[in-house]
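Participant: This is the structure, below, for whatever I ask next.
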2 protein chains.
Amino acid sequence: MSPRREHRLVFLLNVAQRRLQRWIAAQTQRNGVTAAQSGLLFVLGQRDGVLMGEAGAALDLGPPGISGLVDRMTAANLIKRRADPDDGRAWRLWLTPAGRAALAQSKAGLAEINARLTDGFTEAEIDVVARWLASLQGKFPKGEDE
Amino acid sequence: MSPRREHRLVFLLNVAQRRLQRWIAAQTQRNGVTAAQSGLLFVLGQRDGVLMGEAGAALDLGPPGISGLVDRMTAANLIKRRADPDDGRAWRLWLTPAGRAALAQSKAGLAEINARLTDGFTEAEIDVVARWLASLQGKFPKGEDE
DNA sequence: TCGATTTATTTCGCATGCGAACTATCTATC
DNA sequence: GATAGATAGTTCGCATGCGAAATAAATCGA
């Protein structure tokens, strides 16, 4: 209690994220969709035909991040890249039938994971956690240093 | 309120971790120590001469994880690898003077980051967050599927 | 003691995602 | 219309860390 051990938060967050990713990877290995990929599937499930940049913003990924993700998912036939008719620089992303199927599976898997994530905590506590996680976005912005 | 939006936790965690890592990378880029590397520095600050496997356990890293981390940090002259006198398979890790200096710097940087991480939350709330983060380790164990 | 198993670490191939630099296209300004 | 910027993506090199398989050393059993 005396010398606050809050410095652990950084490590706790790191480990927690890694644990979860590892778990998701192990679970989804069967259908071949990774955690990052399912993120993009969810985005397209909500807004099919989105621009790459928009998808990246939704996932908090920089240009190289989505570019690579889209490459791999296109190669895996989960999504399709089509030129934007109005902008020669831009590409729009669309789910393939396989991608749609993978999304449905991911949704089921995610439901189980969420049940686990919230297990043992009250709704009020989960709200605190969600608020804290979301607060990092404002505290550690993308572009600027302080 | 009706259809619980808890499924966001997975994405929130992912984004939060990435944001923080990105921030730390930007901050520590100057002294050349990354977030993962500072983690190992902290471990060695507490238990210099630890086995690689022990360090990996402390950081929740598998064998390939520490192996690579140690490679890079050895190349950067932050730590030294010395054979264990009692076990021909094992290596013990030691801080170099440069590593010790980097650790001191990392501690200062971490203090600032922690101030930011806890900013806007009560101590009770931070306790909830810490407990939640730690709970993932039990919920998503390393080896077994259920 | 010798072979089988366990344990510590490495290596490989992969996915992820960053910053920096580049290309191509679009938009505004003169 | 030409040209200077802004914008959308790509590419490169890097760090991170996984699972699977390999290597080498220790230990256990018969």
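The values are calculated or read from the model by the stated rules, or taken from the named source; none is laboratory data. Computed from a predicted model, the values in this text were never measured in an experiment. FYI the Cβ positions are ideal-geometry reconstructions off the backbone, even for glycines, and counts take in every protein chain you see.
Participant: Here is a list of conditions, (1) in a helix (DSSP H, G or I); (2) at pLDDT 95 or above, and B:GLY88 meets all of them except one; can you say which number that is?
Facilitator: (1)
Participant: Is there any pair with a first residue in the stretch A:49-62 that is more than 9 Å from every other protein chain (Cβ to nearest Cβ) and a second that is among the β-branched types (Val, Ile, Thr) and not in a loop (DSSP other than H, G, I, E, B) whose Cβ atoms are under 7 Å apart and which are 6 or more apart or on different chains, and what are they?
Facilitator: A:VAL50/A:VAL43; A:MET52/A:ILE66; A:MET52/A:VAL70; A:ALA55/A:VAL43; A:ALA55/A:ILE66; A:GLY56/A:ILE66; A:ALA58/A:VAL43
Participant: Still on this structure, please answer the following. Conditions first: (1) loosely packed, with under 13 Cβ neighbours inside 10 Å; (2) away from DNA strand D (no atom under 13 Å from the Cβ). A:GLY99 passes all but one, so which condition is the exception?
Facilitator: Result: A:GLY99 passes all but (1).
Participant: A further question follows. Could you look through the stretch B:64-82, keep only residues that are touching a helix residue (DSSP H, G or I) at 6+ places or on another chain (Cβ under 7 Å) and within 14 Å of chain A (Cβ to nearest Cβ), and pick out the one that is nearest to B:LEU110 (Cα to Cα)?
Facilitator: Across the stretch B:64-82, the extreme among qualifying residues is B:LEU69.
Participant: Take the conditions at pLDDT 95 or above, surrounded by fewer than 16 Cβ atoms within 10 Å (Cβ to Cβ) and not polar (S, T, N, Q) and apply them to B:ARG30. Does it pass?
Facilitator: No; evaluated as a whole, the condition is false for this residue.
Participant: Consider the stretch A:20-39. How many of its residues are within 11 Å of chain B (Cβ to nearest Cβ), of a type in the set (Val, Ile, Thr) and more than 16 Å from B:PRO141 (Cα to Cα)?
Facilitator: 0
Participant: Taking the stretch A:68-77, which residues are surrounded by 14 or more Cβ atoms within 10 Å (Cβ to Cβ), in contact (Cβ under 8 Å) with a residue 12 or more places away in the chain and more than 8 Å from DNA strand C (Cβ to nearest atom)?
Facilitator: Correct list: A:VAL70 only.
Participant: Given the conditions (1) touching a residue at least 60 places away in the same chain (Cβ under 8 Å); (2) surrounded by 21 or more Cβ atoms within 10 Å (Cβ to Cβ); (3) of a type outside the set (Asp, Glu), which single one is not true for B:PHE42?
Facilitator: Only one criterion in (1) touching a residue at least 60 places away in the same chain (Cβ under 8 Å); (2) surrounded by 21 or more Cβ atoms within 10 Å (Cβ to Cβ); (3) of a type outside the set (Asp, Glu) is unmet by B:PHE42, namely (2).
Participant: Sticking with this structure for a sec: I need the helices (runs of 4 or more DSSP H) fully contained in the stretch A:22-84, keeping only those with at least 2 residues that are within 11 Å of DNA strand D (Cβ to nearest atom).
Facilitator: A:52-59, A:63-75
Participant: Are any of the residues in the stretch A:12-19 within 12 Å of DNA strand C (Cβ to nearest atom), in a helix (DSSP H, G or I), buried (at least 19 other Cβ atoms within 10 Å of the Cβ) and more than 8 Å from chain B (Cβ to nearest Cβ)?
Facilitator: no
Participant: If you don't mind, another one. What tally of residues in the stretch B:91-130 results from selecting those that are more than 8 Å from chain A (Cβ to nearest Cβ), of a type in the set (Lys, Arg) and either part of a loop (DSSP other than H, G, I, E, B) or more than 16 Å from the chain's Cα centre (by Cα) (or both)?
Facilitator: Final tally of qualifying residues: 2.
Participant: Let me ask something else about it. Residue under question is A:LEU136, and the condition is that it be at the interface with chain B (Cβ under 7 Å from one of its Cβ atoms) and touching a Lys or Arg at 6+ places or on another chain (Cβ under 8 Å); does it hold?
Facilitator: Yes: the conditions hold for A:LEU136.
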